[in-house]
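A short worksheet on the structure shown next.
The values are calculated or read from the model by the stated rules, or taken from the named source; none is laboratory data. Being a predicted model, the structure only gives us computed values, none of them experimental. Note that we place each Cβ from the backbone using ideal geometry, even for glycine, and neighbour counts take in every protein chain shown. Please note that ligands, DNA and RNA were not included when accessible areas were found on the heavy atoms of the full protein model with its side chains. Shrake-Rupley method; radii C 1.70, N 1.55, O 1.52, S 1.80 Å.
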Amino acid sequence: MSCNDKVILVTGGSSGIGAAIAIKFAAHGTKVAIVGRNETKLKNVSEECERSGSKPLVIIADVAKEVDANRAVRDTIAHFGKINVLVNNAGIGGNSSIMANDTMTVFDRIMSVNLRAAVYITHLTVPYLIETKGNIINVSSIAATCVLSKGDYAYCTSKAALDHFSRCIALELAPKGVRVNTVNPGPVKTDFVENMGTLNAYSDDVWEKLKTIMPLKRIGNSEEIADLVIFVASDNAGSVTGSSFFSDNGSLVRGAFE
Ligand SMILES: NC(=O)c1ccc[n+]([C@@H]2O[C@H](COP(=O)([O-])OP(=O)(O)OC[C@H]3O[C@@H](n4cnc5c(N)ncnc54)[C@H](OP(=O)(O)O)[C@@H]3O)[C@@H](O)[C@H]2O)c1
């Protein structure tokens, strides 16, 4: 993509995959707005973007709150005047059983960030994307198409819904020249597990074990997910809409009996 004159809004830009997306786009000269709640992490990513080539607009906001989501889009437009690419990347995990007392609490918390916030920010951003003939990338997961493990029903359901939402609006927005796609990572070492709160961070042993069960014997990293996002956002992917791009080291083709 010729990135110099483009503006990208990245939710969950304070950490992991979203941070890598922001930094890579900044290095391409794109004007970047990053959204998250953690001020310290946002500041670190902002400094990294600036070192890479472009100072981002930092927006401290909880995407699950409509008032914050509104402010994020409004501030991006006030600062940069337009939006070319929206990356709905903010996401959380969480475990619960369908038989547990906290089932609906966990379900609502995950859906409010992983699905509802993406739908609402898309709704707010679409008028600007129509103006720029821009595009949307929703950061989903392999969990959209497979069951990760017992207790992950809310997360898996949120990502399956995010994929189908993306296809539905890809059809609606195609006549307006706006493309919509998803990027679906497999395991990537980020702060995701720590941020789930209920679990301790994966130890290095767990990450090493994960590598051994991947067909490619490796796990992903945030930078390669960001590279895929850059391609899907670019004019080189001008014919691509309503598609999902998996970067998962082959985890979806693991044999059921291996
Ligand atoms: N890591 C993996 O293995 C993996 C695999 C497949 C898919 N994914 C997806 O990739 C995306 C990024 O995850 P990650 O691995 O980079 O995890 P991460 O390091 O925990 O990053 C999650 C990001 O989402 C933001 N976020 C969460 N809730 C938010 C809220 N209410 N308002 C604003 N921002 C919020 C966090 O920002 P603050 O904490 O600053 O609010 C953070 O920037 C998620 O959608 C996740 O589902 C990850």
Q. Applying 1/(1 + (r/R0)^6) with R0 = 30 Å to the Cβ-Cβ distance of Lys65 and Ile213, what FRET efficiency is obtained, to the nearest 0.05?
A. 0.20
**Q.** Total lysine pairs under 25 Å (Cα atoms) in region 1-138, excluding pairs fewer than 8 apart on one chain
**A.** 27
Q) What per residue convex hull volume, in Å³, comes out for region 105-226 when only alpha-carbon positions are used? A) 123
Q. Which lysines does Lys209 reach when only Cα atoms under 24 Å apart count, and residues fewer than 8 places away in its own chain are ignored?
A. Lys150, Lys189, Lys217
Q | Length added when fully stretched, Phe231-Tyr202, from 0.36 nm per residue minus Cα-Cα | A | 7.4 nm
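Find how much the distance from Thr105 to Lys150 grows on full extension, using 0.36 nm per residue of separation minus their present alpha carbon separation; answer in nm with one decimal. Before the final figure, lay out the partial values.
On the way: separation 45, 0.36 × 45 = 16.20 nm, distance 1.72 nm.
Length gained, Thr105 through Lys150: 14.5 nm.
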Q. Debye sum, Cα scatterers, the chain, no solvent: what log₁₀ I/I(0) at q = 0.08, 0.15 1/Å?
A. -0.29, -1.07
Q. Leaving out ligands, DNA and RNA, what percent of the accessible area of the chain is carbon and sulfur, probe 1.4 Å?
A. 54
Q | For region 7-250, accessible area per residue (1.4 Å probe, heavy atoms of protein chains only), Å² | A | 45
**Q.** For region 223-242 and region 24-93, distance of Cα centres in Å
**A.** 19
Q. Taking amide hydrogens as modeled 1.01 Å from N in the peptide plane, which residues meet the under 5 Å criterion relative to Leu57, leaving out close sequence neighbours?
A. Val32, Ala33, Ile34
